[in-house]
Structure formats: C-alpha cells, structure tokens
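The structure appears below as structure tokens.
The values are calculated or read from the model by the stated rules, or taken from the named source; none is laboratory data. Treat the numbers as computed from the prediction; the structure is a model and nothing was measured. Counting neighbours? That spans all protein chains shown, and the Cβs are built from the backbone with ideal geometry, glycine included. Heavy atoms of the whole protein, side chains included, go into the accessibility calculation; ligands, DNA and RNA do not. Shrake-Rupley method; radii C 1.70, N 1.55, O 1.52, S 1.80 Å.
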Amino acid sequence: MSVVQQIYQHLTRSRDLSVDEMLLETLPRLENEYQVLAVDTLLNRQKPAALLRLIESYETLPPSVNVRMMEQIQLLEGVLREAIQSEREPVRLNTITIIRRSQAYFLSYLLSLGLRSGSSETRSHAAGSLSTLTRSFLESQPVPSTAPWDADTIQDHMIQLSQWRSNRRHVVYALREALQSYNTHLRSSVLEAALCLSIDLHEELTTSPNHAQSKAWRAMVEILSTRPQPAYAPFVLRMLAERDRRGEIVHVLSTISNEPFMTAIMRHSWLLADPVIRAGGVAIKRLNWMDQNPHRMAQMEPELTLHTLRFLRATNIPEEQQIGWFQELAF
C-alpha cells in the first residue's frame, strides 16, 4: 500500500467532519487517480451531508468521479433515498440521472417516488428514466450460448438468469408504483413501459384507478392506436376478454397495419386457447393488415402461417374473405 493510500485510509477512519469538507473542496483539482481515492473515501465514510453535496455537484464533477460513483452505487442507496425527496430540485434531478446512467435496477423504485414530486420537471425526468431503465432491462435478457455447454457455461448462464429475474422484480415493482400514481404524473412513457411487462402488470393496467373511463385507459388506447410495439401483443389479446374495453381493442386490431405489431399478435395467438379471450375474438370482423396485402398468406413463413390461421379461426371475418386468403397457400 502506497503512502497516499495509507493517508486516505486514515481519512476514512477519521471522525473529524472537516475531512469531508476538505475532500469535497479539493476533489475537482485532484489528478484522476487521486479523485478516485477521494470519492472512495467519501463513499466509505458514509456521511449523509457530504454525500448529498456530492450528488448535487454530480453534473459538474470530473468524469472519473461520476464513473466511480456509478460503480459504487450500492454505497449511495441510503443517501439517494433521501436525495430523491430533497427540497432542492438539482439534487432530485441528479439522483434520477445517476440511477439511469448506472442502470441500477435495484434503485428503480426511487424513480417511482420521483413521479410523485410536486415538480413537473422532476416527474418528467423520472418518467423518462424509468422508461429508459425498462428498455435497457428488456434488452439485457440473457441469451443462451451457441457454443457447446459445459458445467461452467451452465453455471454462468444460471447466474445471469438469476440476476435478470432479480432485476425484473425491481423494475416491475417500480412500474407498479408508478401506475398507482398515474393520475398524479400523467406520463404516457410510464404506460408504454408497463405495457412491455403486462404479463406482470396486467391487473394494475386494467383495474382501479385504470378503469374503462380513466385517463390511463384513454392514454393506453391512444398508444396502441398510434405507436404499437410487438411487446404490447399479449396485453392486447388478453384485453379481448374485457367486455367494457373490447370495443377499443377490436378497433385497434381491425384498423392497424403495423407489420411488427400484427406479426406479434399472430405469434401470440396461443392466448386464444383461453375460451374467454377466444369469445372476444368473435367481435373482430375485418383485418386491415390482411386487406392491404391479399398475398400475405403466401408470403409468410410456415410457422407464422399456422399462428395466423389459428387467429383467423377465432374471428368473425366472413368465410368467403378468409377462403380468398387461404387460396394463396400452396399445399
């Protein structure tokens, strides 16, 4: 251990509160190596007042300091919980930025607290960051290796899956809390993120305060109609079982022509095995997606063709029209 490291170790153990003041004052002027030592000392000392100042100064601190803060974010959890409720907006905004940039899924619940802020800017920043975290989480799902598997490969994959499931629980919890306060923040990006995880959040998306006439439901219908995503497919099909919302869902399915979204709808046609959902499919009497391309069936991959046939059988589209589409198939 170098002399400098010994000095910082001594400062970490010191009870003198002026140590934090000295470190904060000198931090911007230190060389990169010593900046890391200084910020580690502040983090390990765990003095809330000093850490709050560190968070408030986040955007003006040297990049090496910010990187170190994100690497050691576990040590900041307690003070970030306090910072998100700070009376000073820069502290709240920087807290949200730190959580988003570090992809700290275990702290995503703090973003749902930010959505309850009295400040529109804080609510907007929290909503955007929660949406970003959700997208990064969904993109992080472990993909099995194509190389031959051995014991170490299996163990590594299981560890990755375990961490991913843990991250999912954190993100779902944050979105669940965010949905409960929707009428406070009215951020559609929160609904878009929640729709991507509707398998975990279906009840929150469809029950009070998100009833059929609510602002949240009207916003969801607008999202589904104008900017649908493949990840929304399970939610849309399951909503066919809801009588008071079925009309809007049928309209979306009947009129939309978004290729990735409708392909996802077909691939999720297995949900129609539920008799309640299947009964709702009878209300579908046309598909603009099919009408726009009469040769679509012939152009499909065989697997997608089977999914599409299953979907069409559950609708009330005229038989002669379906026969016309089926004739495109070469058996």
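Numbers at a glance
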{"quantity": "Charge sum, other residues only, whose C-beta stays under 11 Å from Leu37's C-beta, Lys/Arg counted +1 and Asp/Glu -1", "calculated": "-2"}
{"quantity": "Listed peptides 223-236, 94-107 by packing density, highest first (mean Cβ within 10 Å)", "calculated": "94-107, 223-236"}
{"quantity": "Sulfur and carbon atoms: percent of accessible area, the chain [1.4 Å]", "calculated": "51"}
{"quantity": "Ordering of 39-51, 189-201 by packing [mean C-beta count within 10 Å, highest first]", "calculated": "189-201, 39-51"}
{"quantity": "Packing rank of 112-121, 152-161, where each peptide gets the mean count of other beta carbons within 10 Å, highest leading", "calculated": "112-121, 152-161"}
{"quantity": "Mean accessible surface per residue for the chain, computed with a 1.4 Å probe while every protein chain stays in place, in Å²", "calculated": "51"}
{"quantity": "Helical contribution to [θ] at 222 nm, DSSP H n ≥ 4, -39,500 (n - 2.57), averaged over the chain, rounded to 500", "calculated": "-20000 deg cm²/dmol"}
